[in-house]
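Note sheet for the following structure.
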Amino acid sequence: MKREEIDNVDEFLKIVNIDPLNTRIIKINDDHFQVLLASVNMNTQTHFHNKKRIDIVRGDFSPFLRRVTQNLQEALNYTANSYQEQMIKYYIEHFQSGDIEMHKNSQRSWIRDKGPIVETNIGFIESYLDPKQVRAEWEGFSAIVNKNESEKTHNFVKNAEKCLKMMPWPQEFEKDQFLKPDFTSLDVIQNGASMTFAGINIPNYDDIRQNEGFKNVYLKNCIHSRKKADQNFCLIDQEIMKTYGDQVVFHQVIYHELLGHGCGKLFYLKDEQTQSYNFDIENTVNPLNGQKITTFYKEQDTWMSVFQNLSNPYEECRADCVALYFSCFEESFSFLQPEFLSEWQNINKACFLDLISQGINGLQFYDVNEKKWGQAHINGRWVILQVLLEIGEDFLQIQKCLKEHDEEGIEIKLNKDLILTKGKEALSQFLLKMQVYKSTADYQSASKMFNKYSEVSEKFLQIRDIVIKNKKPRRVELQGHLSLDSNKKVVYTCFQESFEGIIESYMARYPYFDLEMYNLFMFYREYNRN
């Protein structure tokens, strides 16, 4: 399917006010396309747009979603308050009809449910896997709040406004009001998605995030240990990275989620007829050129619809850059990890080394033939690495070296004495550009800058060969299983951390042959073939 064909379908969806988030596009032939919309209810409507037939087919994954709504109906018996009850009812409406507005309402109820003991969210959420990054994958999680760890995150939220004043952009580019979110540390019980993140900042709906608020969650029991030395690298202060590994991860995740994803304002034309804006268009100045603001989001625009396939890597880069930037401030550690305040400069250096090493190791996800990055977070870290390299060799050097037994490795030389001067200033200037381009919907400038930094030089292609040679197998995820016994009590089953344990976990989760699901699988397989 060609990009222009997808754009034509999405243009039509915008006209008929259908959000693409929970849809798929099937190309029947050059003049006929089907939009499969996930819902329990099933019907088909035929339309024509730019001489192309477009069928809106409701009922994609209907058997799955029917079972989801049945279980959600049962969950209504266990809600702790009215917000949870409203949330579940909106979920049911959304999955039955496919209407994204109902899911947005569920998220409005969710962000108002402050400090629950059990935390959960479900739906079509993240769009990382979509080439255009406007269609989301299905996911859901359930977790129990870790009260002791959450005390730290709650204290950080109280001081977040002080951090916002330290951002490198003018006040006009920050939200009119900081809506203090609920920020909890969770022990995840179940997570159904293509991967488990260390932290989550949702909902992703721009209007809710900017005007009503959001939630942050830190998934502590999903973070793997970083105690072992990285085999790719020669001596790069491995000891400091191992010593402060836990503190680095905690700092990165918390600042990435709360301030990284939670900061900054989008400039909108709210009403075209009255020419009203959500910013002072006459007096707001672009700090990059000293001129008035000339680009902004239109009424129906969203961050993802304007920046499309750039939106996720750009946003993850911005959030990671915010976390690294705040590691350069002593105050940031007093807000989040005061018990390590005397060691903050060591943690600061470890933060830089960790991001640099992750940027280099991420080369394994770079497609040399397509010249593309395969993962948004990794693309973002590579871009930050290029910003740091731009400072000069007196700050950072990366080169090949020889390890034991004459094996090739990678050497990182970081001048820690320049981190709080040259390093901090480079991040400040880069963050300013990122925020201005995002606030003003300046896709052209953003893509030009980001794509330039995303390039991989011949030197780093050779370093990539070393990374590929030492590539480790991808982590395999194992989860426990919840079930109800004969007395309707919840039983948690744990499995051995092995491949056998993973097989057993799937057998426990799906113990019987499911004819309905098998028939659905065969239907979609044949459907996609045709």
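Scan region 349-405 residue by residue and report those that are among the aliphatic types (A, V, I, L, M), assigned to a helix (DSSP H, G or I) and at pLDDT below 95.
Within region 349-405, 376 is the sole residue that qualifies.
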| task | Look at residue 467 and say whether it is free of Cβ contacts under 8 Å to residues at least 12 places away in the same chain, among the β-branched types (Val, Ile, Thr) and over 30 Å from residue 265 (Cα atoms). | result | no
| task | Answer yes or no: is there a residue in region 448-464 that is out of contact with any Gly (no Cβ under 8 Å at 6 or more places or on another chain), among the small types (Gly, Ala, Ser) and modelled with pLDDT of 95 or more. | result | yes
| said: Just the residues that are of a type in the set (A, V, I, L, M, F, W, C) and part of a helix (DSSP H, G or I), please, taken from region 93-135. | reply: 95, 100, 102, 110, 111
| Scan of region 481-527 for residues that are of a type in the set (Gly, Ala, Ser) and in a loop (DSSP other than H, G, I, E, B), ordered by number | 486, 498
| message | So, in region 462-490, exactly how many residues are more than 29 Å from the chain's Cα centre (by Cα) and either assigned by TED's automatic domain parsing to the domain that holds residue 187 or surrounded by fewer than 10 Cβ atoms within 10 Å (Cβ to Cβ) (or both)? | response | 8
| remark: Those residues of region 495-509 which are under 22 Å from residue 63 (Cβ atoms) and more than 29 Å from the chain's Cα centre (by Cα) amount to 507, 508
| message | Exactly one of these conditions fails for residue 221: (1) in contact with a helix residue (DSSP H, G or I) (Cβ under 8 Å, 6 or more places away or on another chain); (2) of a type outside the set (D, E, K, R); (3) assigned to a helix (DSSP H, G or I). Give me its number. | response | (1)
| Subset of region 49-98 (residues that are in contact with a helix residue (DSSP H, G or I) (Cβ under 9 Å, 6 or more places away or on another chain) and aliphatic (A, V, I, L, M)) | 54, 56, 65, 68, 72, 75, 76, 87, 88, 92
| remark: Of 471, 459, the only residue that is in a helix (DSSP H, G or I) and either more than 30 Å from residue 313 (Cα to Cα) or basic (Lys, Arg) (or both) is 459
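To keep it simple, each residue is scored yes or no on (1) among the aromatic types (Phe, Trp, Tyr); (2) loosely packed, with under 14 Cβ neighbours inside 10 Å.
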position	(1), (2)
387	no, no
395	yes, no
409	no, no
417	no, yes
423	no, no
| Which residues, counting only those in region 510-530, are under 16 Å from residue 60 (Cβ atoms), acidic (Asp, Glu) and modelled with pLDDT of 90 or more? | 516
| Flag for residue 305 being farther than 25 Å from residue 385 by Cβ, of a type in the set (Gly, Ala, Ser) and loosely packed, with under 14 Cβ neighbours inside 10 Å | no
| field | Answer from 217, 253, 249, 285 - the residue that is crowded, with 20+ Cβ neighbours inside 10 Å, of a type in the set (Val, Ile, Thr) and more than 29 Å from residue 415 (Cα to Cα) | value | 217
| said: Checking the conditions here, which among 438, 433, 452 is closer than 30 Å to residue 206 by Cα, free of Cβ contacts under 8 Å to residues at least 12 places away in the same chain, under 23 Å from the mean Cα position of the chain (by Cα) and in the same structural domain as residue 305 (by TED's automatic domain parsing)? | reply: 452
| field | Checking residue 219 against (1) farther than 21 Å from residue 154 by Cβ; (2) touching a residue at least 24 places away in the same chain (Cβ under 8 Å), the condition it does not meet | value | (1)
| Within region 322-337, can you find the residues that are among the aromatic types (Phe, Trp, Tyr) and in a helix (DSSP H, G or I)? | 325, 326, 333, 335
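Identify all residues within region 473-491 that are on the phi < 0 side of the Ramachandran plot and without any contact (Cβ under 8 Å) to a residue 24 or more places away in the chain; write none if there are none.
Taking region 473-491 as the starting set, the residues that turn out to be on the phi < 0 side of the Ramachandran plot are 473-487, 489-491.
Residues satisfying the conditions are 473, 474, 484, 485, 486, 487, 489, 490, 491.
Residue check: is residue 279 assigned by TED's automatic domain parsing to the domain that holds residue 154, part of a helix (DSSP H, G or I) and at negative phi?
Values: assigned by TED's automatic domain parsing to the domain that holds residue 154: yes; part of a helix (DSSP H, G or I): no; at negative phi: yes.
It is false that residue 279 is assigned by TED's automatic domain parsing to the domain that holds residue 154, part of a helix (DSSP H, G or I) and at negative phi.
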| query | So residue 108 clears everything in (1) in contact (Cβ under 8 Å) with a residue 60 or more places away in the chain; (2) closer than 25 Å to residue 488 by Cβ; (3) out of contact with any strand residue (DSSP E or B) (no Cβ under 9 Å at 6 or more places or on another chain) except one condition, right? Which one? | reply | (2)
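The values are calculated or read from the model by the stated rules, or taken from the named source; none is laboratory data. This structure is a prediction, so every number in the text was calculated from the model and none was measured. Using ideal geometry, Cβ is built from the backbone for each residue, glycine included, and neighbour counts are taken over all protein chains shown.
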